[in-house]
1. Can you compute the label reach from Phe536? Point 7 Å from Cα along the Cβ direction, backbone N cut-off under 18 Å, restricted to the range 453-474.
2. Non-local amide H neighbours of Gly411 (under 5 Å, H modeled in plane, Pro and chain starts lacking H): which ones?
3. Could you point to the residue in Gly107, Met657, Thr579 farthest towards the positive end of the chain's charge dipole, with +1 and -1 charges on the Cβ of Lys/Arg and Asp/Glu respectively?
4. Please compute the Kirkwood hydrodynamic radius over the range 19-79, one decimal place, Å, based on all pairs of different Cα atoms.
5. Below 8 Å, C-alpha to C-alpha, sequence gap of six or more: please give me the relative contact order for the chain in percent.
6. Grab the Cα-Cα distance for Ala633 and Gln235, subtract it from 0.36 nm times how many residues apart they are, and report the gain in nm with one decimal.
7. Quick one: what do you get for the range 1-106 if you divide its Cα Rg by 2.2 N^0.38 Å?
8. With axes computed from alpha carbons, what is the tilt in degrees of helix 211-224 against the longest principal axis of the chain, rounded to the nearest 10 within 0 to 90?
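Nothing in this text is a laboratory measurement; each read-out follows from the coordinates by a stated rule. Keep in mind it's a predicted model, so treat the numbers as computed, not measured. Heads up, the Cβs are rebuilt from the backbone with ideal geometry, glycines too, and the neighbour counts pull from every protein chain shown.
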Amino acid sequence: MTPAKHYATLYEKALACHKQGQLMTAVEGYQAVLTAQPNFVPAQLNLGVAFFQKGDYPAALTCFQAALRLDPSMAEAWYNGGNAMRLLERTKEAFDWYLRAIELNPGHADAHYNLGNLCKDAGNLHDAGVHYRNALAVAPKSDMAWNNLGVVRMEAGQTQEAKECFLKAKAIRPDNLDALLNLALSFKYLGRVADALSHVEQVLTRCSCHGPALALYVSLLQQNCEWRSLRSALQRLEAATRAQLAHGRQPAESPFLSFTRAADPKHNLIIAQSWSHTLARRFASARQSLDAKVRCPGTHDGVLTIGYLSEQFRNGATAHLTAALFGCHDRGQFQINAYSLGADDGSNYRRRIEQGVDRFIDIRNLSITAAAERIRSDGVDILVDLIGWMHGHRMGILALRSAPIQVNYLGFPGTSGADFMDYIVADRTIIPPEHQPFYSEKVVCLPHCYQATDPTPPVYGKTLSRRECGLPAQGFVFASFNTDYKIEPELFSVWMHILRAVPGAVLWLLVRTDTAQHNLRHEAASMGVDPRRLIFAESLPKERHLARLKLVDLALDTVTVNGHTTTTDAIWSGVPVVTLQGTHFASRVASSILLADGMEELITHSLEEYQKLAIRLAMEPELLGATKKKLSANKQSYPLFDIRRFARNLESAYLTMWDLYKNGRPPVGFEVKEIDTYLN
């Protein structure tokens, strides 16, 4: 046999073994070919592919590099080398190798697709969308490209467009679980909860232990008040979470879902730490590159630059609370920058925030790295994250250490779990000393409520009637305008006890789906309460919502997740709020708000006490009248609505943080001491 025929035969045998999945035999065969003929490019390329499939990425890359030395025009070697680079976390080189593959073969759909993945992972949504569309121009039947284009569009807030992409992916491959799950998620955000449930159930039918599907399923059941199904779903999710944590994997249960279902700060910390550590590893190399390129500002004297980072510089809960804060900062000591991750909704809240800061920077179309680079280049000294792990977050910006001091504040009621976050702003009610070990950040306690509160919310120029709001002409009005997922079966049972004890009373609720309304009416009937005594409110603009609150006699708080903005709205409108002080951040917020308004008597410590207080206030008009009178008086004299006082205390916290940093000291927890005499 001639030498050429010899190595050709060896190659065919190795290739046959490779196709049959016999990787070790294939590797040995390709190596034998290269011993006989070192310059045989196909053997060098396929040896690299075999090593890649075995998980030996350094060896695979060596083979692809050797193939390219023999034939630099081989697009497939550039593409496969890019894959190896990506898994070796050499992201910049992987990007360049994919580009080279496309230059040599513009129709290389997989190279376009993987470029899109790199851009998506970096938070560069625009470029990711371009590359996915390029892949689809070559391979329009790529369900993966349609799915990931949908993910990019959903992250950019284009939920309807995202849904269409997921539908196309599903049509191409009906068993694409990622597309089915993402379609369910898009339906959730579009308010089509029944469709969302249908699709997530399809995922669970095919894979009963699918962690992300279980997490979404629990969230949807919470929203629909489907409590009977929720119990078993929670058990399955808890089992999946334990298994994922035991194997060192990030659990599907998100930090947000964690605090909504478990008032356990230790559990909340474990979940958040897993998510943040995964994120930090993902951005480790990018952070090193950024450190070499743009340094964080050094210590200096003079005006400090505070950067506020949020997706909700628009008509939303965070803006409702903070719109007045930014303009109250002392410009002799602070420059205030706002970094916006969300679209301009044209609202008055957006305009107030833009006018209240020194610089308003829209970074929603920047990649995570570019956003971090911008914040560093702007010389931000303290970056205050107002979103945490909530929907729309871009925690990667913080993982890149965009500022020397990074603060978790307001938007997320719990710990970030991140070692790249230095402080969390709270108060002694929200995080008492015994809870501090369950926070990865150092705890900064403000002297009153941690929550900023706007003292001048919009006012509706008309008085609303009970009839206009769907309320009966007579009868006591209880209300809980906390959203549906916060309503829990044990608490609902207490509410029904209260209605049975107060003849003619109604309970005014705000839930988003017809299914949730049906389920709550069914539960009421099963507990001997006429379902017609549940009145369901519609979502209204802020000024009309505040106007209708005047019709409420007493607000009933939810337990695991309190009303935050909702509680403040009620108090501003003169409505007492009965709350139960819980055992983690989200379940202690209403207590903090009430204490800052001098209304400690509305805080209870058991469901029995909660029930008795609500009934007593409803049945004793004089007591309720006195409570409302006190609430109105305290609004003027207590610190809850004194935004300038709040701003001075928050600024004192910032100055202490900076002083520690300037003197080379690590972050430490501390309490802000308010001066005895406060000049408004």
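1. 469-472
2. Hits under the 5 Å cutoff: Ile387.
3. It is Gly107.
4. Here the Kirkwood hydrodynamic radius works out to 11.3 Å.
5. About 9 percent, as a whole number.
6. 138.6 nm
7. 1.07
8. 20
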